[in-house]
Every structure is written in structure tokens, then in C-alpha cells.
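Encoded as C-alpha cells, the structure appears first; notes follow it.
Here, each number is a calculation from the coordinates, and none is a lab measurement. Every value quoted in this text rests on a predicted model; they were computed, and no experiment measured them. No Cβ is skipped: glycine too gets one built from the backbone with ideal geometry, and neighbour counts run over all protein chains shown.
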Amino acid sequence: MSKPRMSGADIELFERLKRDNKILKKQVAALRREIQRLDYDHIDDLVKSQEESGTTEEKIEYKSKNEREREQWVCFECNKGILKLVIINKPNEKIYFRKCDNCGKRTRTKKYTKDVKGIE
Ligand SMILES: [Zn+2]
């Protein structure tokens, strides 16, 4: 097989493509470095925002759990305080009552079982 003859224009095109290729390779390498750097920055930001949102969510959850409990045990007398569970150990049994932390309202004492719920 004989080598295809290249005209002057073909050689010029070939040289230009070779030159372009070299430039593009350099640019690709530069862009790769840039992307890597940007990725690290981006990951850093993601981690930061993740940490921040994580704490916020925990706070919100803690608050809402707290609020749920408060709503459940809000004093029916003053409507401000919380009826807190007071458990008393007796020799043979445990008894409990609830006492408002605002007005001091006390509920009747009852026998305590593990099913009794409330804020201690
Ligand atoms: Zn009260």
C-alpha cells in the first residue's frame, strides 16, 4: 500500500490539529486541576452546611419533643405551668402525684406503675 500523498493544505491542517491538540490537552489538564479544587471547596461547603443543618434539626426536634410534653402536661389550673410527676417510694409500693411548677397545684396521689407517664 502506498502512502497517501499529502497536499500542502493537508499538511497545514495536520500541523494545526497537532498544535490544537497540544493546547487542548494542556487546557484539559488545567481544567481537571480546577475541577478537583472546586470539588474540594464544594465538599467542604456541603460538610459545613450538613453540620449546620444537622444541629438545627436536632434543636428543632428537641424543642418540639419538649413542647409536645409541655402541651400534654400543662396545668389545668393556671394553664401556664407543667404538672410534674412526683414519685414517692413507700416501703411496699410507689405512689405518685403531679404538681404544677407554676401555681403549685397538686393532683391526688395514686399508685405508681411503670405505665405512668409524665415529666419528672
Ligand atoms: Zn398551675
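The lysine pair tally for the stretch 68-114, using Cα distances under 17 Å and a gap of 8 or more places or different chains, is 16.
Modelled this way, with points 7 Å down the Cα-to-C-beta line, the labels at THR107 and ARG32 are 7.0 nm from one another.
Placing dummy labels 7 Å off each Cα toward the beta-carbon, the span from GLU69 to LYS25 is 6.8 nm. When Rg and the Kirkwood radius Rh are both evaluated on Cα atoms of the stretch 74-120, their ratio Rg/Rh stands at 1.01. Put in line by how crowded their Cβ is, counting other Cβ atoms within 10 Å and starting with the fewest, ARG98, ARG16, ARG106 read ARG16, ARG106, ARG98.
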